[in-house]
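> Below is a structure I'd like to ask you about.
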Amino acid sequence: MATQNYLILIVGPTAVGKTELCLNLAKKFNSEIISCDSRQFYKETNLGTAKPSKNELEQVPHHFINSLSVETSYDVKMFEKDAINLIEKLFFKHQFLILTGGSGLFADAVINGLDEMPEIDPEFRKEVIAEFEEKGLEFLQNEVEKNDPEYFQQVDINNPQRLMRAIEVFRGTGKPFSTFRVKKKAERNFKTIKIGLTRDREELYKRIDDRMDLMIEAGLFEEAASLFDKRHLNALQTVGYSEIFGFLEGKYDKEEAIRLLKRNSRRYAKRQLTWFRRDSEITWFHPSEESNIISYINSQIAE
């Protein structure tokens, strides 16, 4: 009888404590770690995306971290294909693999496949890009909030590409983008065990603020300044960089940039939780409950 392969999914908001747990689980289950955190794919963005440290990356094989340049055009469909190819190869060596990250859409693509989206007339795309260039990010946010409040609660509202996609689909079809996300599951040759990490809000927000202070101390502003000329690239239009680009453009002072970095990171965490909590198959734990998490994984295998 063929061995059952298991993909252990570890998700949760930014700064909750996924990295340490995943390292421990990978050692315990003789596994490798596959990142589905789209912010960590790019080798130029280190501090702003809170990647595992060099020491952590060396302890266990990691995949899809530092794998691309910010200049590379890469989307969730390409990731799904690359990740599934990799997973199939790694299952020849391991019975267990760990998939982790804070990008719900990218995790969903690996586990369930992607929804079929309608073909949209490219003119709608051109129109939305022109409006974004003229009116800015806030215009996109307002359009999505008005026409598709469900998707607005889940999307990274600082990512103009995702917002523009939702607007062009709405304009091209007359239906909200969220209505096309019907989740017809793809056939996968592994069983997924889904674990979510959470902390109470005050504890999580303090960790986010403290981590941001450490990132700034380590040179986050300098890293963003070195990428300033590339700020138009999709990979850099994310929390942790866009706030500093605003400061470098002279829109506000450094103190305000730091306030926005912390506030937007907390908001990002809240949206991540909203996304993951929709999935009733996720079992939630505090990151400190490592022995309970291992017991839970073993119980799922025993089934």
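The values are calculated or read from the model by the stated rules, or taken from the named source; none is laboratory data. Note that the structure is a prediction, hence the values are computed from the model and not measured. Using ideal geometry, Cβ is built from the backbone for each residue, glycine included, and neighbour counts are taken over all protein chains shown.
> I'd like to check something: does the stretch 110-125 contain any residue that is farther than 30 Å from residue 251 by Cβ, among the hydrophobic types (A, V, I, L, M, F, W, C) and modelled with pLDDT of 95 or more?
Within the stretch 110-125, one or more residues are farther than 30 Å from residue 251 by Cβ, among the hydrophobic types (A, V, I, L, M, F, W, C) and modelled with pLDDT of 95 or more.
> Let me ask you something else. Taking interchain pairs and intrachain pairs at least six residues apart, which have beta carbon atoms under 7 angstrom, with the first residue in the stretch 190-209 and touching a residue at least 40 places away in the same chain (Cβ under 8 Å) and the second acidic (Asp, Glu) and in a loop (DSSP other than H, G, I, E, B)?
194/279; 194/281
Conditions (1) buried (at least 19 other Cβ atoms within 10 Å of the Cβ); (2) assigned by TED's automatic domain parsing to the domain that holds residue 215; (3) in a helix (DSSP H, G or I), marked per residue:
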position	(1), (2), (3)
44	no, yes, no
80	yes, yes, yes
99	yes, yes, no
109	yes, yes, yes
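> Could you go through the stretch 57-72 and let me know if any residue there is within 15 Å of the chain's Cα centre (by Cα), under 22 Å from residue 112 (Cα atoms) and either at pLDDT below 95 or assigned to a helix (DSSP H, G or I) (or both).
Scanning the stretch 57-72 turns up no residue that is within 15 Å of the chain's Cα centre (by Cα), under 22 Å from residue 112 (Cα atoms) and either at pLDDT below 95 or assigned to a helix (DSSP H, G or I) (or both).
> Taking the criterion of being surrounded by fewer than 17 Cβ atoms within 10 Å (Cβ to Cβ), closer than 25 Å to residue 277 by Cα and assigned by TED's automatic domain parsing to the domain that holds residue 176, would at least one residue in the stretch 132-140 satisfy it?
No, there is no match, as no residue in the stretch 132-140 is surrounded by fewer than 17 Cβ atoms within 10 Å (Cβ to Cβ), closer than 25 Å to residue 277 by Cα and assigned by TED's automatic domain parsing to the domain that holds residue 176.
> Okay, moving on. Can you tell me which residue in the stretch 111-131 is surrounded by the fewest Cβ atoms within 10 Å (Cβ to Cβ), limited to those that are under 20 Å from the mean Cα position of the chain (by Cα) and assigned to a helix (DSSP H, G or I)?
Pass one, the stretch 111-131, residues under 20 Å from the mean Cα position of the chain (by Cα): 111-115.
Among the residues that remain, those that are also assigned to a helix (DSSP H, G or I) are: 111-112.
Values: 111: 20, 112: 16.
By that ranking, first place goes to 112.
> May I pose another question? Restricting to the stretch 192-204, give me the number of residues that are part of a helix (DSSP H, G or I) and either buried (at least 18 other Cβ atoms within 10 Å of the Cβ) or within 18 Å of the chain's Cα centre (by Cα) (or both). Spell out the reasoning first.
Of the residues in the stretch 192-204, the ones part of a helix (DSSP H, G or I) are 201-204.
Narrowing the set further to residues that are either buried (at least 18 other Cβ atoms within 10 Å of the Cβ) or within 18 Å of the chain's Cα centre (by Cα) (or both) leaves 204.
Selection size over the stretch 192-204: 1.
> Then there's this: Name the pairs whose Cβ atoms lie under 6 Å apart, with the first residue in the stretch 286-303 and among the acidic types (Asp, Glu), the second at pLDDT 95 or above, and 6 or more positions between them or separate chains?
none
> Looking at this structure, is residue 85 assigned by TED's automatic domain parsing to the domain that holds residue 20, of a type outside the set (A, V, I, L, M) and not in a loop (DSSP other than H, G, I, E, B)?
When the stated conditions are applied, residue 85 passes them.
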